[in-house]
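Chemist: This structure is in structure tokens; I'll ask about it shortly.
The values are calculated or read from the model by the stated rules, or taken from the named source; none is laboratory data. Predicted model only: the values in this text are computed from it and were never measured. Positions of Cβ are generated from backbone atoms using ideal geometry, with glycine treated the same way; all protein chains shown enter the neighbour counts.
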Amino acid sequence: MYKLKNGGIGYRRLLSEHQFLQVQRRARELMRDGTNLNSIYVKEQTLIYKTNSSDFRHNRITYTQRLYIEDASFENVIKAKNFNELEKIMLNGGIKVHCNCPAFYYWGYKYKAWRMGYGLEKELRRPVIRNPFAKGYVCKHLFLVLQTFPFCSKTLASKFSEYWKKEISK
């Protein structure tokens with residue numbers, strides 16, 4: 001149901017498992033507590049997000065999430081006739097993810113992401129103690145980012161377009 005034509009994994013599939021560790025509820029709490037997206041950067045085919053930790057008021061920790069959009073290549077972005085077409089490329093294409101929060105490592109999301117082909121960084125250590133059945137797809141920070149993904153896709157499409165136009169002019 002969520003498998004893409006080219007074999008990649010879309011953002012909808014990554015949001016489909018929201019019960020493990022109550023990741024959906026905890027991501028919503030992040031928004032309610034004022035933990036939000038600090039910034040979004042574009043570099044080549046990658047969106048780089050910065051989010052505050054849930055304990056940001058006390059520890060001032062910021063985590064970085066990376067979303068690699070497989071179909072947002074230079075050729076595809078330049079060929080897009082308008083922003084609607086570019087938005088469709090982003091929303092319907094394959095995606096690869098990474099977060100540098102401890103949960104992404106220790107609860108086995110990084111391992112599962114690498115094994116299933118949607119991880120950006122290699123991880124061969126199986127989470128035999130904390131998550132032996134490899135439940136869930138992403139941590140709460142990535143879940144928060146992926147939830148906002150379709151709502152800011154027009155803005156992100158324009159960021160990709162601006163980025164590649166700047167690269168052409170160099």
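Chemist: May I ask you to list the residues in region 80-119 that are touching a Cys at 6+ places or on another chain (Cβ under 8 Å) and not hydrophobic (A, V, I, L, M, F, W, C)?
Modeler: If we filter region 80-119 for residues that are touching a Cys at 6+ places or on another chain (Cβ under 8 Å), which is where we start, we get 99, 101, 103-104, 107, 109.
Within region 80-119, just Tyr109 meets the criteria.
Chemist: Shifting gears a bit: Which members of region 44-63 meet the condition of being in a strand (DSSP E or B) and either at pLDDT 80 or above or surrounded by fewer than 15 Cβ atoms within 10 Å (Cβ to Cβ) (or both)? Please lay out each step first, then the result.
Modeler: First, pick out the residues of region 44-63 that are in a strand (DSSP E or B): 46-52, 62-63.
The answer is Thr46, Leu47, Ile48, Tyr49, Lys50, Thr51, Thr62, Tyr63.
A quick yes/no check of all residues on (1) among the basic types (Lys, Arg); (2) at negative phi:
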residue	(1), (2)
Gly94	no, yes
Tyr106	no, yes
Glu121	no, yes
Arg130	yes, yes
Ala134	no, no
Phe149	no, yes
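Let's see how each residue does on (1) over 15 Å from Val23 (Cα atoms); (2) under 16 Å from the mean Cα position of the chain (by Cα); (3) assigned to a helix (DSSP H, G or I):
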site: Arg115; (1), (2), (3): yes, no, yes
site: Glu121; (1), (2), (3): yes, yes, no
site: Pro127; (1), (2), (3): yes, no, no
site: Phe133; (1), (2), (3): yes, no, no
site: Leu142; (1), (2), (3): no, yes, yes
site: Leu156; (1), (2), (3): yes, yes, yes
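Chemist: So in region 21-43, with the set limited to residues that are among the charged types (D, E, K, R), in a helix (DSSP H, G or I) and surrounded by fewer than 17 Cβ atoms within 10 Å (Cβ to Cβ), which one is modelled with the lowest pLDDT?
Modeler: Start the filter on region 21-43 by keeping residues that are among the charged types (D, E, K, R), which leaves 25-26, 28-29, 32-33, 43.
Right, trim to in a helix (DSSP H, G or I) and you get 25-26, 28-29, 32.
If we keep only those that are surrounded by fewer than 17 Cβ atoms within 10 Å (Cβ to Cβ) as well, we get 25, 28-29, 32.
Numbers: Arg25: 81, Arg28: 78, Glu29: 77, Arg32: 63.
My answer is Arg32.
Chemist: What single numbered condition from (1) surrounded by fewer than 16 Cβ atoms within 10 Å (Cβ to Cβ); (2) in contact with a helix residue (DSSP H, G or I) (Cβ under 8 Å, 6 or more places away or on another chain) fails to hold for Lys166?
Modeler: Every condition holds for Lys166 apart from (2).
Chemist: What number of residues within region 95-118 satisfy the criterion of being of a type outside the set (A, V, I, L, M, F, W, C) and crowded, with 19+ Cβ neighbours inside 10 Å? First the steps, then the outcome.
Modeler: Keep residues of region 95-118 that are of a type outside the set (A, V, I, L, M, F, W, C), which gives 96, 98, 100, 102, 105-106, 108-112, 115, 117-118.
Adding the requirement that they be crowded, with 19+ Cβ neighbours inside 10 Å leaves 96, 98, 108-112, 118.
The total comes to 8.
Chemist: A follow-up question, please. For region 3-16, does any single residue satisfy the condition of being assigned to a strand (DSSP E or B), modelled with pLDDT under 85 and farther than 27 Å from Glu162 by Cβ?
Modeler: yes
Chemist: Starting from residues that are surrounded by 16 or more Cβ atoms within 10 Å (Cβ to Cβ) and of a type outside the set (A, V, I, L, M), keep the ones in region 73-92 and report whichever is nearest to Trp164 (Cα to Cα). Can you show your working first?
Modeler: Initially, region 73-92 is screened for residues surrounded by 16 or more Cβ atoms within 10 Å (Cβ to Cβ), giving 73, 76-77, 80, 86-87, 89-91.
Among the residues that remain, those that are also of a type outside the set (A, V, I, L, M) are: 73, 76, 87.
Numbers: Ser73: 9, Asn76: 10, Glu87: 15 Å.
If we take residues in region 73-92 being surrounded by 16 or more Cβ atoms within 10 Å (Cβ to Cβ) and of a type outside the set (A, V, I, L, M), then Ser73 is nearest to Trp164 (Cα to Cα).
Chemist: Report the residue count in region 125-149 for those that are over 18 Å from Cys99 (Cβ atoms) and either modelled with pLDDT of 85 or more or surrounded by 16 or more Cβ atoms within 10 Å (Cβ to Cβ) (or both).
Modeler: Of the residues in region 125-149, the ones over 18 Å from Cys99 (Cβ atoms) are 126, 128-129, 132-133.
Now drop any that are not either modelled with pLDDT of 85 or more or surrounded by 16 or more Cβ atoms within 10 Å (Cβ to Cβ) (or both), which leaves 126.
Here the count works out to 1.
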